[in-house]
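Report on the structure given below.
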């Protein structure tokens, strides 16, 4: 009887997820309103409050307690919903050709907002995938036998592609979210469950809507502004 694969010693750290959360929230606060089409100020304020809650949970000694996972998952879900709302606001503004304070948004303003929304789309969905897959980071690290994975990574599909006991970390899920933005579909990692497929579909719809609508509007504006 063969020995079970040993864990690789790769432990989940919350430093990088928290740092990426901070990076995508900061532009919503520091970029002047004249340079972007931003959501209401309550959105970045709420996001910073959520970040503070997660920092407080992660700062406790030892691994993230399993009991806190529903709260963390809900907070990440709220970040996703807030960004979807920002994307819908931007797309609606472009399609209806509305003005802001009586002024048509410039190409630069639309591009800055579009890039911010897409970057936030990548990070927030990456966070949600990371916390959702297979019961979350703690369950994956403990190799819980009762868990079912939501994503199939190539390293787990065939032996020899990674060290025995390999488990995905945050950057693996961030890459999955990135491919959902640039390819509008899964690439090397496959969604297995209905919730994973639904989330990837929602992420792709948001990215496609922002890229197509905003880019078309910017192209339309540039000749008249030159």
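Just so it is clear, none of the values below were taken in a lab; they were calculated from the coordinates. Fair warning: this is a prediction, and the values are worked out from it, not measured in the lab. Cβ: placed from backbone, ideal geometry, glycine included. Neighbour counts: every protein chain shown.
Counting 0.36 nm for each residue step from residue 96 to residue 108 and taking away their Cα separation leaves a gain of 2.5 nm.
Ordering 166, 16, 130 from the fewest to the most neighbouring beta carbons within 10 Å gives 16, 166, 130. The ranking of 124, 187 by Cβ neighbour count inside 10 Å, starting from the fewest, reads 187, 124.
Using the empirical formula 2.2 N^0.38 Å as the baseline, the Cα radius of gyration of the stretch 15-225 reaches a ratio of 1.11. Note on residue 138 and residue 81: the extension gain reaches 18.1 nm, defined as 0.36 nm multiplied by sequence separation minus the Cα-Cα distance. Counting every other Cβ atom within 10 Å of each residue's Cβ, 12, 47, 158 order from fewest to most as 158, 12, 47.
FRET efficiency for the pair residue 13 and residue 161, taken as 1/(1 + (r/R0)^6) with r the Cβ-Cβ distance and R0 = 22 Å, rounds to 0.40.
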